[in-house]
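Colleague: Following this message is one structure expressed as structure tokens.
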Amino acid sequence: MITVGDHEHSTELLPDHDARVGVCTSPASAHRQPAHEPAGRLVPAREPLGGGVGVRCPGSRWCEHRFPGICLFTGHGRRCWRIMRSVAPAADQVHTTLRRSWQCDPGPCIPLGEDAWRVEIDNGQFEPNPRDAAQFVVKWAPVATRRGFEAGLCAAEHLDASGVCAGRPVRAADGALTTALPTRAGDGVIALMRLVPGRPLHADDPLDQSWWGGALGAAHRSLRRFVHPDLAKFQVAAVPAAAPHLAMEPWLGPAVTEAAAVVRRIMVTDQLTYGVRHGAPDAARFRLDSSTGRVGLVGWAAAGTGPLLYDLAHAVLCAGGTEAEALVEAYVRAGPVPADECVAVLPAMLALRTAARAAAVAERIHTGGGTPRDHAELTRMAALLL
């Protein structure tokens, strides 16, 4: 039994973690546990603690009730936090799977987050001309997302072959893009990809915005002839108009409905440029290699098809939503979307992306109270939409 503030928690130690880590099985709380949620469910929080990902226990009013997992209990007011999720496999499981399925001799698997690892492998094991040891990234995904995950890997493979650094996958010994790796929380798959060198771009730096827009445009252009049946299709409004969290703010529901209606009309009446979208082209997904001047784009798990300007709208929103001229100009120079289409359609796509972002933040707040960052983000979205 572990006590945090006035909360008591029963913990069960797991054999593949040390004694500091347990799974919260039966929280006792002054706040009522929702009847439809089982005890012991843990949820991802947005504030980091100790360099990891914090997770709150559902025995408090701050919960979102979504994912089970491992937690590290620490006193932080009335909150119970964890550092790592149990959804992804342990590093030793990844190491063993690499040896078995890729038939290589990997070095230690160093965590890069909750579902990715960095590993060094002698490059001669994968290339006909042996060179020095190379850096790779291992990525884990739930088995339910396998087809979309592999479609994104194929897109990265195509991009890399065309000269755009995208974290090309290294196929397993049997030629597969991924291989199964089940965990305690469910089945999953892992992929091995080349590490794209360089630093992440900074969203508020005008020079980095130029690199950002140019690299996104180049990726879109390089993928013009790429097709895959499992790429996700673009949906104008993935949020139901009657969703309860849209009633949190008087402006939110109408903003989502209006933005979706405008984009639907444009898709019917205008000739838009369609293609393969990255899905989440945040600045942190881009890598600038200062030694070569090349910019890579990683993280293709959310890749899909649809209007390419929706990708650009995502990037502009991440850059602040207004002061992103350098990003847009660089994209138009490098990408396949004509300048007049960008001028005419980007504002509507940006409004839709902003409304979708506001709806996602509102859902987190409605479900579990949200964090101060969530509330600030919702206020920022309102300022952009109103």
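Read-outs: derived from the displayed coordinates by stated rules, not from any lab. Everything numeric in this text was worked out from a predicted model, so none of it was measured.
Colleague: I need the Debye-formula profile for segment 200-385: one equal scatterer per C-alpha, no solvent, reported as log10 I(q)/I(0) at q = 0.09, 0.15, 0.16 1/Å, two decimals.
Modeller: Log10 of I(q)/I(0), two decimals: -0.32, -0.90, -1.01.
Colleague: Taking the alpha-carbon centroid of each part, what is the distance from segment 244-296 to segment 179-193 in angstrom?
Modeller: 29 Å
Colleague: Let me ask something additional. How big is D, in µm² s⁻¹, for segment 90-181 by Stokes-Einstein at 20 °C and 1.002 mPa s if Rh is the Kirkwood radius over C-alpha pairs?
Modeller: Numbers: Rh = 13.8 Å.
D = 155 µm²/s.
Colleague: What are the extents of the Cα atoms of segment 319-378 along their three principal axes, in Å, largest first?
Modeller: 43, 18, 15
Colleague: If you don't mind, another one. Computed over the Cα atoms of segment 275-386, what is the ratio Rg over Rh, Rh following Kirkwood? Provide the component values of the computation, followed by the final result.
Modeller: Values: Rg = 15.2 Å, Rh = 15.2 Å.
That ratio equals 1.00.
Colleague: Also, quick follow-up: Can you list residues from other chains, or at least 5 along the same chain, whose modelled amide H is less than 5 Å from the amide H of Thr179?
Modeller: Amide H neighbours of Thr179, under 5 Å, 5+ apart: Ile190.
Colleague: For segment 200-385, what relative contact order do you get, as a whole percent, if you take Cα pairs closer than 8 Å and at least 6 residues apart?
Modeller: On the way: 279 pairs, mean separation 62.4, N = 186.
Worked out over segment 200-385, it gives 34 percent.
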